[in-house]
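Student: Shown below is the structure under consideration.
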């Protein structure tokens, strides 16, 4: 029986572990299918307070983990495959073993949707990204490409024009599906070059260790062309890791946890933290803050019920 189990080992989960462990709750952290979260595939993080020279993403998340362990947090490699949140204590199946806990912090994050190109995964952090606010700064005066046709893609493209000399916006259809106001804003930006009815067939630069260009195919003419780019941003959405909680936690239409105030979910004693609920900011620092909130809520709940 645990006081608190934390699902996820990114910034949110690890920060929750720091706070829960310092409160002497002896938390168990289930690392999840992406240990370290999205920071584990991020190279230089320059916007986390306290690191004027920046810090590598994996190093940052590992440092928070070590901090949590120093206070008594335990880590378990594995993924939750089933959950019974119908009553306390809550029951969680991690791989093939059931665990029980008085409180639960869901910090399972959201995984970026990728295109599935042959070289895409090899170049993540080396020109391929899913976060303009995280990585746009590195492409000052460079050629950038954004993939997507929704509001997120419009926002990313507009944001990236602050840095890049040109932003190509590639969409597979004739019309963007973003809201009219976002499309109008994109069209009014002279730095954005829309490329419609087209798909990227591959991204190049594996041998060089950095993105150098892409192969484009026009879906109407079937013409294949090569285009030089330095930064390649995929903006086709994220997938929240909430599958074990469907039908138990309140989720929105896209599967994100619905907040019931603070870090609370619809189930008393179950709390949320980070990108599993936050579809707006998605930053390491906001995830860390959410982890802190969730741990404090869990501690206060346990105290209130006299546990």
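Student: Examine the range 283-290 for a residue that is out of contact with any strand residue (DSSP E or B) (no Cβ under 8 Å at 6 or more places or on another chain) and crowded, with 21+ Cβ neighbours inside 10 Å, and state whether such a residue exists.
Tutor: Here is the first cut: in the range 283-290, the ones out of contact with any strand residue (DSSP E or B) (no Cβ under 8 Å at 6 or more places or on another chain) are 283, 285-289.
Next, from what is left, pick out any that are crowded, with 21+ Cβ neighbours inside 10 Å: 287-288.
For the range 283-290, residues out of contact with any strand residue (DSSP E or B) (no Cβ under 8 Å at 6 or more places or on another chain) and crowded, with 21+ Cβ neighbours inside 10 Å: present.
Student: For residue 163, are the conditions met, namely being surrounded by fewer than 18 Cβ atoms within 10 Å (Cβ to Cβ), touching a strand residue (DSSP E or B) at 6+ places or on another chain (Cβ under 8 Å) and more than 22 Å from residue 246 (Cβ to Cβ)?
Tutor: no
Student: A follow-up question, please. Out of all the residues in the range 13-25, is one or more at pLDDT below 95, buried (at least 24 other Cβ atoms within 10 Å of the Cβ), more than 14 Å from residue 104 (Cα to Cα) and assigned by TED's automatic domain parsing to the domain that holds residue 78?
Tutor: Checked against the condition, which is being at pLDDT below 95, buried (at least 24 other Cβ atoms within 10 Å of the Cβ), more than 14 Å from residue 104 (Cα to Cα) and assigned by TED's automatic domain parsing to the domain that holds residue 78, the range 13-25 yields no hits at all.
Student: Right, residue 38: outside any loop (DSSP other than H, G, I, E, B) and closer than 30 Å to residue 207 by Cβ or not?
Tutor: yes
Student: Is it the case that residue 231 is in contact with a helix residue (DSSP H, G or I) (Cβ under 7 Å, 6 or more places away or on another chain), crowded, with 21+ Cβ neighbours inside 10 Å, within 20 Å of residue 155 (Cα to Cα) and in contact (Cβ under 8 Å) with a residue 40 or more places away in the chain?
Tutor: yes
Student: Sort through 89, 35, 58 and tell me the only one that's at pLDDT below 95, surrounded by fewer than 23 Cβ atoms within 10 Å (Cβ to Cβ) and closer than 20 Å to residue 294 by Cα.
Tutor: Testing whether each residue is at pLDDT below 95, surrounded by fewer than 23 Cβ atoms within 10 Å (Cβ to Cβ) and closer than 20 Å to residue 294 by Cα leaves just 35.
Student: Next up: Looking at residue 210, is it in contact with a strand residue (DSSP E or B) (Cβ under 7 Å, 6 or more places away or on another chain), closer than 25 Å to residue 128 by Cβ and not assigned by TED's automatic domain parsing to the domain that holds residue 43?
Tutor: On the way: in contact with a strand residue (DSSP E or B) (Cβ under 7 Å, 6 or more places away or on another chain): no; closer than 25 Å to residue 128 by Cβ: yes; not assigned by TED's automatic domain parsing to the domain that holds residue 43: yes.
It is false that residue 210 is in contact with a strand residue (DSSP E or B) (Cβ under 7 Å, 6 or more places away or on another chain), closer than 25 Å to residue 128 by Cβ and not assigned by TED's automatic domain parsing to the domain that holds residue 43.
The values are calculated or read from the model by the stated rules, or taken from the named source; none is laboratory data. Source: prediction; values computed, not measured. Please note: Cβ atoms are built from the backbone with ideal geometry, for glycine as well, and neighbour counts cover all protein chains shown.
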